[in-house]
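What follows is a single structure, written as structure tokens, with notes after it.
The values are calculated or read from the model by the stated rules, or taken from the named source; none is laboratory data. Bear in mind that the values here come from a model prediction, so they are computed numbers and not experimental data. Here Cβ is always computed from backbone atoms with ideal geometry, including for glycine, and neighbour counts include all displayed protein chains. For the accessible areas, the whole protein counts, side chains as well, though only heavy atoms, and no ligand, DNA or RNA atoms are used. Shrake-Rupley method; radii C 1.70, N 1.55, O 1.52, S 1.80 Å.
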Amino acid sequence: MSTLPDTPQPRAGSRAWLLADTPLTRTQAVWGRRYRIWLGLRKNPLAVTGLFTVLIVLLISLCAPWLTSYDPGAQDLAHRLAKPSSLHWLGTDELGRDTLSRILYGGRITLGMVIIVVAIVAPLGLLIGCVAGYAGGLLDRILMRITDIFLAFPRLILALAFVAALRPGIESAILAIALTAWPPYARLARAETMQVRGTDYIAACRLTGATPARIVLRHIMPLCVPSLVVRITLDMSSIIITAASLGFLGMGAQPPSPEWGAMIATARRFLFSEWWVPLIPAIAIFVTSLAFNFLGDGLRDVLDPKEK
């Protein structure tokens, strides 16, 4: 009796539902795309390392009250500049404050600043870039010349100028970083918009009677999101460094706030004697920034079609 050759059997369960070539619902298509992104990201060990490092930093910062029994602002001059020990795992600073507590609570401030800045600049840059790219003409030239003016100045210098015009503090630092961080997103969104505005898909939207505002908001901006996500992830490290630099220069978070840059500023005079005091917040900045860079590189490989 002849037998038919073995044929691959369909995958069963949720994996088959996620990887279906013809999704039956919008929800299935959305989750299928997310699952494929995860599969692509999983092939990059550095990207996975960066992802889990970022998640761990976020988790321990949120759980800081349960991970340490010390108040980050409580002073204990009898144990000032103590070396790392079982009592203080990462030692104490010049005022006897527990360094581990300040690192954990400082993560809330630093990462909170990053999240707020991204929440401001990403929609702003995306909107400006898409409007400029779709409208063209005089409006495009005006918006891009404004963008070029902001790009002409180093980000840190411009942020320092904005903070000096306001007043030192976390709120001023967030506003200053946001005002200096949006131009790259606008340029990227404009480039993406100029590639798709002449496609048949956008022409069909016009034929259905869609207004320019609806086309930009509902059809063009979603197409720019993947590239923007990659740019945001890669840019988070520079936002962290800018926020820490403002704190180090005394223009961001003010003492006794446990912000990582401000911690380095107050401890820099102990670099050659009690080296662990300034080194530990520097390591926190380095590890977090590097993790975002690893994650951004992995997302670029997965989301950017030019990399495939």
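Using Cα extents along the principal axes in Å as the read-out, say which of (1) 55, 51, 35; (2) 60, 46, 33; (3) 82, 72, 28 was calculated from these coordinates.
(3)
With n ≥ 4 as the cut-off for DSSP H runs, can you work out [θ] at 222 nm for the chain, using -39500 (n - 2.57) per run divided by the number of residues, rounded to the nearest 500?
When only DSSP H runs of four or more count, the value is -22000 deg cm²/dmol.
Tell me the angle of helix 170-181 to the major Cα principal axis of the chain, expressed in degrees between 0 and 90 and rounded to the nearest ten.
40
Where the only charges are on Cβ atoms (+1 Lys, Arg; -1 Asp, Glu), what is the dipole of the chain about its Cα centre, to the nearest 20 debye?
Rounded to the nearest 20 debye, it is 780 debye.
So what's the stretch 256-296 giving for Cα Rg divided by 2.2 N^0.38 Å, two decimals?
This ratio for the stretch 256-296 stands at 1.29.
Can you give the FRET efficiency for A210 and W66, using 1/(1 + (r/R0)^6), R0 = 41 Å, r = Cβ-Cβ distance, to the nearest 0.05?
Computed FRET efficiency for A210 and W66: 0.20.
Carbon and sulfur: what percent of the chain's accessible surface (1.4 Å probe)?
Using a 1.4 Å probe with all protein chains present, the chain comes out at 67 percent carbon and sulfur.
May I ask you to give the solvent-accessible area per residue for the stretch 133-212, in square angstrom, as obtained with a 1.4 angstrom probe?
Ligands and nucleic acids excluded, the result is 54 Å² per residue.
Determine, from the Cβ-Cβ distance of L138 and V229 and an R0 of 22 Å, the FRET efficiency 1/(1 + (r/R0)^6), rounded to the nearest 0.05.
Approximately 0.10, to the nearest 0.05.
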